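This report refers to the structure that appears directly beneath it.
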Amino acid sequence: MQSETIPVEELRQLLAGVSDHGTQHLLEVEADLMQTTYLLSEAIEKLGACFMSVHEAVTAQQQELDLLLQQTKLPDQQQQKLLQYREHIAKEVNTAVTGLQFQDLTSQLIARTIKRVNGLKELLSALATHGDSMDSEQEHQEIARLLQEMNRSLNSRSVELSGGLRKAVDQHHMGSGDIELF
C-alpha cells in the first residue's frame, strides 16, 4: 500500500512555500508601487510649479511688452506676430500643465494594481489555509475533494478579484475634458 500513500506533508509544504514566497514578492511589488506613486506625485508637483512660474514670467513679460507697444507704434504685421507668439506661448503652457494632470490617470492605475496585489495576497493566504487543513491521515478521496474545494475557492476569488478591476481608467480633475484609457 506504500504506492497509494499520498505525500500530504510535501503538498502542505509546497502550498505554504508558494503562499509565503508569493506573499513576499507581492509585498515588494506593493512597496514599489507606493514608492512610484510618491515619486510621481513629487515630480508632477515640481513640474507643475515650474510651468506655472514660466507662465507667470511670460505673463509679466507680456504686460511689459504691452506697455512698450502703447508707447511705440509698430507696423500691424509685427503687432500681429507678437499676438500670435503670445497666444502660442499661452496655449503651450496650458497644454503642458494639463498634460501633467495625467497623474490622476496613473494614480487610478496604481490603486487598481494595489487592489490586485492585495487580492493575490488573499488568494495565497487561502492557499496556505487550505493546505494547513490537510491531514496526512485523510483518505485519498478526501484529499482529492479538499484539493477540488481549494481550486473552486481560488477560482471564485480570482473571478471576484478581476471582476471590478477590468474597467477603463477615467480622467478626474482635469480641466481639458474627459479622457478614458483602455
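How many residues are surrounded by 12 or more Cβ atoms within 10 Å (Cβ to Cβ), of a type outside the set (V, I, T) and within 17 Å of T95 (Cα to Cα) if we restrict to segment 44-61?
Of the residues in that region, 7 qualify.
Give me the pairs: first residue in segment 89-107 and of a type in the set (D, E), second residue surrounded by fewer than 15 Cβ atoms within 10 Å (Cβ to Cβ), beta-carbon distance under 8 Å, and six or more apart or on different chains, which are they?
Qualifying pairs under 8 Å: D104/H172; D104/H173.
Could you tell me which residue of segment 68-112 is nearest to Y38 (Cα to Cα), considering only residues that are assigned to a helix (DSSP H, G or I) and among the hydroxyl-bearing types (S, T, Y)?
That would be S107.
Go through the residues of segment 16-39 one by one and say whether even a single one is of a type in the set (S, T, N, Q), in contact (Cβ under 8 Å) with a residue 60 or more places away in the chain, within 24 Å of A126 (Cβ to Cβ) and surrounded by 11 or more Cβ atoms within 10 Å (Cβ to Cβ).
Yes.
Working only within segment 128-144, note down all residues that are surrounded by 14 or more Cβ atoms within 10 Å (Cβ to Cβ) and modelled with pLDDT under 75.
H130, G131, M134, Q138, I143
How many of the residues making up segment 62-95 are more than 26 Å from G48 (Cβ to Cβ) and aliphatic (A, V, I, L, M)?
Residues meeting the conditions: 6.
Do we have L65 as over 29 Å from the mean Cα position of the chain (by Cα), surrounded by 13 or more Cβ atoms within 10 Å (Cβ to Cβ) and in a helix (DSSP H, G or I) here?
So L65 fits the description; yes.
The values are calculated or read from the model by the stated rules, or taken from the named source; none is laboratory data. Given the structure is predicted, the values throughout are model-derived calculations rather than measurements. Heads up, the Cβs are rebuilt from the backbone with ideal geometry, glycines too, and the neighbour counts pull from every protein chain shown.
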